[in-house]
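Note sheet for the following structure.
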2 protein chains.
Amino acid sequence: MAPGDHHAALRTKLIDAAERTIAEKGLAALKARDLAREAGCAVGTIYNVFEHLDELVLCVGSRTLAMLETALGAVRSPDRHGSAEEAATELVQLALAYLDFAAAHTVRWRALFEHRMSEARRLPEWFVEQQHALFAQAERPLAALLPELDQDARRTLAHTLFSAVHGIVALGLEEKLASLPLPELRNQLAATVCAIATGRAELRAVDSRRRPADLPQG
Amino acid sequence: MAPGDHHAALRTKLIDAAERTIAEKGLAALKARDLAREAGCAVGTIYNVFEHLDELVLCVGSRTLAMLETALGAVRSPDRHGSAEEAATELVQLALAYLDFAAAHTVRWRALFEHRMSEARRLPEWFVEQQHALFAQAERPLAALLPELDQDARRTLAHTLFSAVHGIVALGLEEKLASLPLPELRNQLAATVCAIATGRAELRAVDSRRRPADLPQG
């Protein structure tokens, strides 16, 4: 095996080991010593293969994002959106797919949001872009729903919608608050996303007739 | 000083010390040894005064909830809601007050949501009730907006709305994701809450004319 192959194989082994721990026990259970033992290398070797432990955690996060992207991608978009109602339905389906993913993979999903870069390091660009690709799945139905938005406004709205959905899912699955049974949580989520889509379309219709200063734009 | 007074005074001292740490440095910085030193007692004494460290953290959380309740309470509700639009405006104001509080007290606010009870202890009832009192601030405008909802449905909706607002605020203030400048975040939040209120009212109007099976209820 060439040295480059060995390096790549060890990298994969370490990501696999970290992924098992994060998916089963969560981020707090991740220890460099355990990873090294599982991958059959010295602790110091981890830092030859990864710049820092954050990079390893982000590689696992990237796998979680890819799984999530597949789950959301399974929501079939119609070839063209005929109506605002179809677009709203697709947004609701995406939100429910997100909830179902979070409910099925709660530990590794939570790790995505718990992780903070240490020592004020910035998130690498490739990871930020992978997140954006995820939000982008909402942009197609949003374009059908609100065709007058430019790309920036649509992207920001997709991010906001994702955040609202995430909040409902995160606090809904949180044992700390009085949490809802999953079917009721699905109803609440669907009703809220449907209301946002309907409300945005309705406010736009109102807005095109009169432009009141007191209705928030954006 | 009677023994009971001493106990109460030490309790307050320990909560004060924990509050300073949590508000300035966050939950992770909280160490029993530092607290004991600040309050001038032995480490073991903390566990005479509090059942466990979780109880102390919840006492600080309770102070944060009280601050938050005051901040939301400053949103003046009209004596009676004349219109759905007035109710929607109040919901938007509550959401913006929540965002402003989180932006001003980010570290202690984040601690509220990061804290997990150890050893699968349940949250005490008094803490759960204080949280509910907070959500209840949205129930009055919701009652004006959707008078047909019974109390349970209104309470659940207030919880869902809070969760959506929390998600937008939490991810919006999160340095990890491409976060928005505060004025833009306020716009996005206001537009979303306004859309939810408008959309709920609109869907109800539609619903009262025809009851389609495909529109989510709840």
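For the reader, a short list of remarks on this structure follows.
- Selection of the range B:1-42 for residues being in contact (Cβ under 8 Å) with a residue 40 or more places away in the chain and in contact with a Leu (Cβ under 7 Å, 6 or more places away or on another chain) yields B:Leu14, B:Ile15, B:Ala18, B:Ile22.
To keep it simple, each residue is scored yes or no on (1) open to solvent by 20 Å² or more (accessible area, probe 1.4 Å); (2) part of a helix (DSSP H, G or I); (3) closer than 26 Å to B:Arg116 by Cα; (4) away from every other protein chain (no Cβ under 11 Å).
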residue: A:Tyr98; (1), (2), (3), (4): no, yes, yes, yes
residue: A:Ala102; (1), (2), (3), (4): no, yes, yes, yes
residue: A:Ala138; (1), (2), (3), (4): no, yes, no, yes
residue: A:Ala164; (1), (2), (3), (4): no, yes, yes, no
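- Residues located in the range B:104-125, provided they are open to solvent by 30 Å² or more (accessible area, probe 1.4 Å), touching a residue at least 60 places away in the same chain (Cβ under 8 Å) and in a helix (DSSP H, G or I): B:Thr106, B:Val107, B:Arg110, B:Glu114, B:Ser118
- Scanning the range A:91-128 for residues that are among the acidic types (Asp, Glu) and at pLDDT 90 or above yields A:Asp100, A:Glu125.
- For the range A:147-161, the condition holds for at least one residue, the condition being that it is within 7 Å of chain B (Cβ to nearest Cβ) and either over 16 Å from the mean Cα position of the chain (by Cα) or open to solvent by 10 Å² or more (accessible area, probe 1.4 Å) (or both).
- Entry remark, the range A:126-136: residues being within 8 Å of another protein chain (Cβ to nearest Cβ) and open to solvent by less than 30 Å² (accessible area, probe 1.4 Å) number 2 in total.
- Residue match in the range B:168-184 (condition: without any contact (Cβ under 8 Å) to a residue 24 or more places away in the chain, of a type in the set (S, T, N, Q) and open to solvent by 10 Å² or more (accessible area, probe 1.4 Å)): yes
The values are calculated or read from the model by the stated rules, or taken from the named source; none is laboratory data. Treat the numbers as computed from the prediction; the structure is a model and nothing was measured. With ideal geometry, Cβ positions are generated from the backbone for all residues, glycine too; neighbour counts draw on all protein chains shown. Accessible surface areas use protein heavy atoms only, side chains included; no ligands, DNA or RNA. Shrake-Rupley method; radii C 1.70, N 1.55, O 1.52, S 1.80 Å.
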